[in-house]
Structure formats: structure tokens, C-alpha cells
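Presented below is the structure to which this report refers.
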Amino acid sequence: MAPLRESKNMKHLHLLLIISILTLASFKTQQSTIPQPQQSKIDISKMQGGMWVPSELEGMNETEMRILGSNMSASDIYSTTKPSLKDAIVQFNGGCTAEIISDQGLILTNHHCGYGAIQSHSSVENDYLSKGFWAKDKKSELPNPGMVVTFVTRMEKVTEQMFLGTEALQGEALEKKMQQNRETIKKTLQLESWQEAHVKAFNKGNQFYLIVSEDYKDIRWVGAPPSSIGKFGADTDNWMWPRHSGDFSLFRIYADKNNNPAEYNENNVPFKPKHFLPISLDGVETGDFTLIFGFPGRTDEYLPAVAIDQIVNKLNPEKIALREASLAIMDKYMRQDEQTKIQYASKFAGIANYWKKWIGESQGLIQSKAIEQKRTLESQFQKLVEEKGLTQYQNLISDFDKLYVEYGEAAQARDYWIEVVYRNVELLNLTFKLYQLEQTYSKKGEEAFTKQKDQLLKGLKGFYKNYNPNIDQEIFAKLLYMYDARYPTTRLSEEGRVKQWQQTAKEVYSESNLTSYNGLVEMLSGNAKIVIDNLKSDKAYKLGASYSEKFFKELNPNYYAVKDQLDAVQKEYIKAMQEVFPNKRFFPDANSTLRITYGQVKGYAPKDGMEYLPVSYLKGIMEKYKPGDYEFDVSQKLQDLYNTKNFGSYHDNGKMPVNFIGTNHTTGGNSGSPVLDADGNLIGLNFDRVWEGTMSDYNYDAEICRNIMVDARYILFIIDKYAGATHLIDEMKLVHPKK
Ligand code: ARG
Ligand code: ASP
């Protein structure tokens, strides 16, 4: 493996390079404008924010990183000709990130990313959620059917090839030609049988990248701390600083004898990576360089003011209210009963997560004056468009203003359906899946129907394990009432409406066969005709199918009719902004592809007269400790370790660090991403953002946006001192880069 650190001479050379770039930059400006005070002063806050494409780091990104303190070159981070950091990063099960931390395929991700797996291995007798789990050897590692990790083998810009011969085309003809181009690009590739190629749109369709990837499917669970550590502070502390969560879990990638991907097989062997991350024991302090490498899901950094206004004042408030109602009901039942708490823990966390995020996001957008800022930018844009005579761009802002009025209504109607039918009422979500099954029969016939039916039956076994119809009935009554109050189907009074939905809920849940797995199996036995007849006589299905029908025939088409127009304007707007503001830094919005983002360890001032420090310690866990509480309990063992200061070599001058924050621009999907130091050693594990800064998906602001990370030393301390899993520590490579 090639070392990622560079020699002293190389560092020297880079420093020279930076100095000459900076002098050059100030020289250029001095020429054009006359007196320029403090030309050499560089504003490093402007170098933070942005999620960059790893194959394009040479030049600006490399220079910015050096100025922020990095010692790495672009090719240390991403290379296709030698091992690089990229080879240690995987997308974890579609939604999160994980990284390799040993030469035996050991991977680290968040506890909340492994949560589904941890829960599915757990029962009341064997409750890994509350007790934790540590495989004592490789034989005891637990398989996870369906779990996948994805490596990016390479990515390459293919914008020109994608636009080849499209100059004169529009609409369907354009789409067809681009589809052809996409196929041509893929056809010329020489891929291994286990590799896949995708051409992905970046910058809302202004750019394209070819991405070659490899999926490994035999992923086994190695360990996780109990929830009292992995989820300490749970939903109360979620999206908040100061935080004290050991949000990590360990898995291992297995491969066939040739180190290639294979389905689960007992005889598979631990994967041998091209590169794995050494772990630094030196810790962090304010100003240290941090690099995050992972798979951010989605950002919309270039929306116009009118869109932000709509999110804050129209869309977020109603989604928040719907979730709040559903969460209150779940919470009531979870507090009454241990079994229910296990069954609903994951669902509750899933719904609470974005409920809380949206609240913080709206507040942040208001506080940072995002709408006003965007308006100012738009008037500058408009002025320059006119000055430069770019007439093709002159109506973009007014097009946005017009289209967003229509969009708001369509998006809200769709949100209601998504929140009520799809996200919160479980029985309705089930009827939605069955409705799709019915559609498969009418569109594709019996064979496709049977295949999908078998998959559904298999997949839904797990659903019923965690399903409680009583809770669901109460959520149904409340949320359908809210849906009906917003989009009335009758002229009932409020009281009448409440009563009506309670009555309907009672009937649906007592008469439907779909509230139990046996009932479902019964409904789905026989050929398609019989099954569909069965479904059509079921009360829950009838009601659910009518909502799904409405969604497909009305809500979704209405939404996309405007959304497609808006996307076209947005694509043009992004292109136009890059032309109008040639000196501004533009990064492509996140789209679940591999990216890097960089920044520094730094506290922040959430309010006037108040400042947060960047690191939290075990002491803070003891301060938050509430005996017996489901969010803030602390095990006796952790208390003992604290009281005896049994921190091994992981402490910082006698204090045990737990979490820290930095200015890295992250979003959903970055969970589980490694935090790397100036030399590419692991110093932490990304898992969250601070509440005041969750607006970073629309408006990153280096003043207030912070990501939250678990300190690598806390992870090691828990594995070693808390769990006694020293065999795992022995696999890792611990380093002291600062000494
Ligand atoms: N807020 C983090 C993220 O968006 C962590 C979520 C998991 N924790 C929780 N309490 N729900 O995924
Ligand atoms: N917690 C998020 C995740 O799961 C990360 C974030 O949104 O900051 O990816």
C-alpha cells in the first residue's frame, strides 16, 4: 500500500505553490482596481462549504485544502492508478457511508446506520439494542441478508459525450438522443462481471459523470455498543450540540476466494482492501483541518428566494404538524410497554429525525436571513444579466416567481399524501404496496404478479414482527382527520369530522384482514384474480387503494407538471449564475455520489452572548445522566470507567473526549463518513449537524453550520475498555501523527 503521507520536501513545494498562487491572485486584483488595502489577507471562511467531486480536486480544491492545513495531494485522496483514500470508503446499504479500518475488511459506520440490522437481530430475550453486541471472533459475526456496500471504482466527466449531437434538439427528441449517448458511453466500457456503470446528472443536468462501482453483499455485523451509548440523548439531543453520543457500529465485508463480491456464503473470507484508514490517537483542537469523505444525499443550494420562502412558510409547517401528531401517539404507547418500545424504536426515530430537522431548518433560514440574501443575489444577477445583454436569462427570476405559486399547491397536496398514506399510517403504506401489486398484474400479467407477491410476502414478515394495530389505528384516526380537514371531502363540522374518522378507524381495523401476517397470507393465496378479488373486498384495501389511485392519477402528475418546468428553469439558472458570477465558487448539489468536503474544528455562537466549545467530554455524559431514563441512562460500567479514570491511552490530559464539531458541509447520507486529519488518518466519525445549521441543505453558512462527529478515541475506548473487544483493536492501525 502506498503511504498517504508526503515527504518534507513535497510539503515545502506545495507551500511555495500556495504562496505564489496567492500573490498572483492579489496581483491580478491590484491591476484592475486601484487602492486595495490588505490584499494578502485571505478569508478562509470562503474556502469552506461545498461538496466536491473527488476526481476533480486538482487546482482550486487542493489549494484551499492546503491553506486550511492539509498535507495531502489530490491523488492521495482520489486516484485510479494507485491506492488512495477513496479505496477505503463505501456507501453503506444505500443511505449512509462507512469506511474500512483494518486490512481484514472491518468497517465503521454509525449506530443509527446499522440500527435496522441491530434491531432485526434483537428480541426481548436477546436485546442487542439495549445490551450491545460484540462478536468474540469471526465465526460469531452475524450475516445481514440484503445488506450491500458499494465501492466507487472510478468517476469521470462525460458531459461532452452526453451532449454530443443534441444542439438542435428539444423535448423528447433531446431525451432520446441523450439516452442513446448514455448507452454509447456504457457500451465502450470493459467491465468485470461484478462491476456496474451509471451515468449520473450533476448540477441539475448541466454536467454528467460516468461512475463505475462494485457492490459487496456479504456484510456481517461485528459489534455495536448498547443504545445507552450509541444513541445517548436519543431524540432530545438529536440535531443538537453539546452532544455526547457514541453513534458507531462495526461490520465486516466478506468476499470470495479471489477477493471479489459474492452472495453470502459461510466459506467467504474477509475482504482485503486496497487501502484502510489508520486511526489517530492525537485528537483534535480548534483550527485543525478536517476532511469528510462520503455519499451526501441531496442539497438544493441554488434555489431562488421564493422557493425558500415557500419551504419556511408553507411546506415545512404542515409536514411538521402531521409528524408531531403521529409521534405523540407512538410516544404514549412506547412509554407504557417494553415490547412496544423495541418494536417502535426505529420507526419513531425515523419519523422524529426529519420532524426535528425541519423545525431547526426553518428557524435557521429565518435567522440567517436566507430569503433576503437570496433576493439580493437575484437583483445583482438580474442587473448583470441586463448589463451583459444575456437576454436568454432575463426571465429566469420572474419564471421562478410564477411557477412557484403553482408548485406550492401541488407540492403540499403531495406532501399530505406522502406523510399520511406513505410515511405515518402503516396499514395504508401496506395497502399502497398491495395497490402496486394489483397494478403489476394489470400492466405486466400473472408471472410478474406472482414474483412480486412472493417478494412482498417474504419482505412483510419483518413488518408484522414490529406492528401494533392499536397504535396504528389511533394514528390513522388522527392523521386522516387532519388530511380531511385540510382537503375536505365532506362538509362536516370539526367535531363531526373527528368522530367520523374515529368510527372509520374502528371499522377498518376490526374488519380488515391485513392487520396480521396470517390474514395477509390468506388474502394473497391463489392466482391473481382471486387475490385481487380478496383485496377488493377488504375495507382497508378499498380505502387505501382509493388514496393511491388519487396519488397516481392526480397528485403526482400535477406535481410533476410544474416540477419538470421548474427543473428546467433551475438548470438554466445554475448555468446562468456560473456565467454571470465567474469568480464565485460553485459546487454541484449533492446527489448521493461520492464527495469530499473540508473545513476545520471550530465552535460557534448560537445566540448573542453565547459561545459553544468544539469538544465534549465523558464528564458531560455524567452531567446529563438520568437514572432509568430511556434517553439519558448511563450503564454502571461506563460510570465505573469514568470514576476510576480507566481511559487507557485514549484520553486527552486525563479527560475522555466524546464528540466534536467542525465547519464541514454535510447532509443526510454523510452519516458514517470518516473524518480525516491533514494526513488522511481517521480522527472521527460523522453523524449529525447542529440544529441552528440544518438549513445548510439550502444555505450553508460557515458562521453557524457545524457537523457533529464522534471522536475516534471515544470509539476505541468503548471497544477496548467498555466492551473488552481488544481483538478488534489489534486489527486496527493506531498512529500518532502529531508526535
Ligand atoms: N440526525 C441524524 C441524521 O440525520 C441522526 C439520526 C439518528 N438519531 C435519532 N435519534 N433519530 O441522520
Ligand atoms: N444524520 C445524517 C445522516 O444520517 C447526517 C446529517 O444529516 O447531517 O446521514
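Number of residues in region 137-173 that are more than 30 Å from HIS121 (Cα to Cα) and exposed (fewer than 12 other Cβ atoms within 10 Å of the Cβ): the value is 8. Just the residues that are within 16 Å of ligand 1 (Cβ to nearest atom), touching a Lys or Arg at 6+ places or on another chain (Cβ under 6 Å) and open to solvent by 10 Å² or more (accessible area, probe 1.4 Å), please, taken from region 205-237. Matches in region 205-237: ASP237 only. Residues of region 513-546 that are part of a helix (DSSP H, G or I) and either within 19 Å of GLU447 (Cα to Cα) or touching a His at 6+ places or on another chain (Cβ under 6 Å) (or both): VAL521, MET523, ALA528, LYS529, ILE530, VAL531, ILE532, ASP533, ASN534, LEU535.
Is it the case that TYR650 is open to solvent by less than 30 Å² (accessible area, probe 1.4 Å) and either more than 13 Å from ligand 2 (Cβ to nearest atom) or closer than 14 Å to SER245 by Cβ (or both)? Working first, answer last.
Details: open to solvent by less than 30 Å² (accessible area, probe 1.4 Å): yes; either more than 13 Å from ligand 2 (Cβ to nearest atom) or closer than 14 Å to SER245 by Cβ (or both): yes.
Spelling it out, TYR650 is indeed open to solvent by less than 30 Å² (accessible area, probe 1.4 Å) and either more than 13 Å from ligand 2 (Cβ to nearest atom) or closer than 14 Å to SER245 by Cβ (or both).
Does region 89-110 hold any residues that are away from ligand 2 (no atom under 11 Å from the Cβ) and open to solvent by less than 10 Å² (accessible area, probe 1.4 Å), and which are they? Listed by number, the residues that qualify are ILE89, VAL90, ALA98, GLU99, ILE100, ILE101, SER102, GLY105, LEU106, ILE107, LEU108. Within region 265-281, being open to solvent by 30 Å² or more (accessible area, probe 1.4 Å) and either in a loop (DSSP other than H, G, I, E, B) or of a type in the set (S, T, N, Q) (or both) holds for ASN265, GLU266, ASN267, LYS272, LYS274. Among the residues making up region 653-666, those that are of a type outside the set (Phe, Trp, Tyr) and in contact with a strand residue (DSSP E or B) (Cβ under 8 Å, 6 or more places away or on another chain) are LYS655, MET656, PRO657, VAL658, ASN659, ILE661, GLY662, THR663, ASN664, HIS665, THR666. Sub-6 Å Cβ pairs linking a first residue in region 224-243 that is of a type outside the set (S, T, N, Q) to a second residue that is within 13 Å of ligand 2 (Cβ to nearest atom) and open to solvent by 30 Å² or more (accessible area, probe 1.4 Å), at least 6 apart or interchain, are TRP239/TRP691; MET240/TRP691, ordered by first then second residue. Here is a list: ASP701, ASP688, ASP677, ASP711. Which entry is under 24 Å from the mean Cα position of the chain (by Cα) and within 14 Å of ligand 1 (Cβ to nearest atom)? The conditions single out ASP688. Scoring GLY132 on the criteria (1) more than 22 Å from the chain's Cα centre (by Cα); (2) at negative phi leaves a single failure, condition (2).
For the condition open to solvent by 10 Å² or more (accessible area, probe 1.4 Å), among the small types (Gly, Ala, Ser) and more than 16 Å from ligand 1 (Cβ to nearest atom), GLY668 does not qualify. Of all residue pairs spaced 6 or more apart or on separate chains, those with beta-carbon atoms under 8 Å, a first member in region 104-118 that is farther than 17 Å from ILE719 by Cβ and a second member that is more than 10 Å from ligand 2 (Cβ to nearest atom) and of a type in the set (Lys, Arg) are HIS112/LYS231.
Selection of region 369-417 for residues being within 28 Å of the chain's Cα centre (by Cα), closer than 22 Å to ASP564 by Cβ and crowded, with 17+ Cβ neighbours inside 10 Å yields PHE400, TYR404, TYR407, GLY408, ALA410, ALA411, GLN412, ALA413, ARG414, ASP415, TYR416, TRP417. Mind listing whichever residues of region 248-263 are open to solvent by less than 10 Å² (accessible area, probe 1.4 Å) and not in a strand (DSSP E or B)? Selection gives PHE248 alone.
Would you check if there is a residue in region 270-280 being modelled with pLDDT of 95 or more, among the hydroxyl-bearing types (Ser, Thr, Tyr) and over 20 Å from the mean Cα position of the chain (by Cα)?
Looking for residues that are modelled with pLDDT of 95 or more, among the hydroxyl-bearing types (Ser, Thr, Tyr) and over 20 Å from the mean Cα position of the chain (by Cα), one finds at least one in region 270-280, hence yes.
Could you check, for region 654-663, whether at least one of its residues is touching a helix residue (DSSP H, G or I) at 6+ places or on another chain (Cβ under 7 Å), more than 24 Å from GLY620 (Cα to Cα) and away from ligand 1 (no atom under 11 Å from the Cβ)? No: region 654-663 contains no residue that is touching a helix residue (DSSP H, G or I) at 6+ places or on another chain (Cβ under 7 Å), more than 24 Å from GLY620 (Cα to Cα) and away from ligand 1 (no atom under 11 Å from the Cβ).
Name, by its number, the condition in (1) open to solvent by 20 Å² or more (accessible area, probe 1.4 Å); (2) among the small types (Gly, Ala, Ser); (3) more than 22 Å from LYS86 (Cα to Cα) that does not hold for ALA305. For ALA305, the failing item is (1). Exactly one residue among LYS82, LYS86, LYS176 is away from ligand 1 (no atom under 16 Å from the Cβ), open to solvent by less than 30 Å² (accessible area, probe 1.4 Å), charged (D, E, K, R) and within 26 Å of GLU196 (Cβ to Cβ), and that residue is LYS86.
Here TYR517, TYR509, TYR487 are screened, and the one residue that is at pLDDT 95 or above and open to solvent by less than 30 Å² (accessible area, probe 1.4 Å) is TYR509.
Under 25 Å from the mean Cα position of the chain (by Cα), open to solvent by less than 70 Å² (accessible area, probe 1.4 Å), more than 25 Å from ALA545 (Cα to Cα) and within 16 Å of ligand 1 (Cβ to nearest atom), is that true of ILE311? Judged against the criteria, ILE311 is not a match. Within region 333-362, the set of residues being more than 16 Å from ligand 2 (Cβ to nearest atom), of a type in the set (S, T, N, Q) and in contact (Cβ under 8 Å) with a residue 12 or more places away in the chain comprises GLN339, THR340, GLN343. Among residues of region 544-556 that are at pLDDT 95 or above, those with a Cβ under 6 angstrom from a residue that is of a type in the set (A, V, I, L, M) and buried (at least 20 other Cβ atoms within 10 Å of the Cβ), sequence gap 6+ or separate chain, pair up as GLY544/LEU428; TYR547/VAL421. Exactly one residue out of SER537, SER512, SER516 is touching a residue at least 60 places away in the same chain (Cβ under 8 Å) and over 19 Å from THR450 (Cα atoms), and it is SER512. If the condition is being open to solvent by less than 40 Å² (accessible area, probe 1.4 Å), more than 16 Å from ligand 1 (Cβ to nearest atom) and at pLDDT below 95, then region 350-368 contributes only SER368.
A single entry from GLY603, GLY672 fulfils the requirement of being over 25 Å from PRO226 (Cβ atoms) and not acidic (Asp, Glu): GLY603. Against the test of being surrounded by 15 or more Cβ atoms within 10 Å (Cβ to Cβ) and at pLDDT below 95, the options PHE463, PHE476, PHE449 yield a single qualifying residue, PHE463. Take region 519-532 and flag every residue that is without any contact (Cβ under 8 Å) to a residue 24 or more places away in the chain and farther than 14 Å from ALA448 by Cα. If the condition is that a residue be without any contact (Cβ under 8 Å) to a residue 24 or more places away in the chain and farther than 14 Å from ALA448 by Cα, then GLY519, GLU522, MET523, SER525, GLY526, ILE530 are the ones that fit.
For region 195-234, the set of residues classified as touching a helix residue (DSSP H, G or I) at 6+ places or on another chain (Cβ under 9 Å) and of a type in the set (Val, Ile, Thr) consists of VAL199, ILE219, VAL222, ILE229, listed by residue number.
The values are calculated or read from the model by the stated rules, or taken from the named source; none is laboratory data. Bear in mind the structure is a predicted one, so any value in this text is a computation, not a measurement. Using ideal geometry, Cβ is built from the backbone for each residue, glycine included, and neighbour counts are taken over all protein chains shown. These area figures cover heavy atoms from the full protein model, side chains too; ligands, DNA and RNA do not enter into them. Shrake-Rupley method; radii C 1.70, N 1.55, O 1.52, S 1.80 Å.
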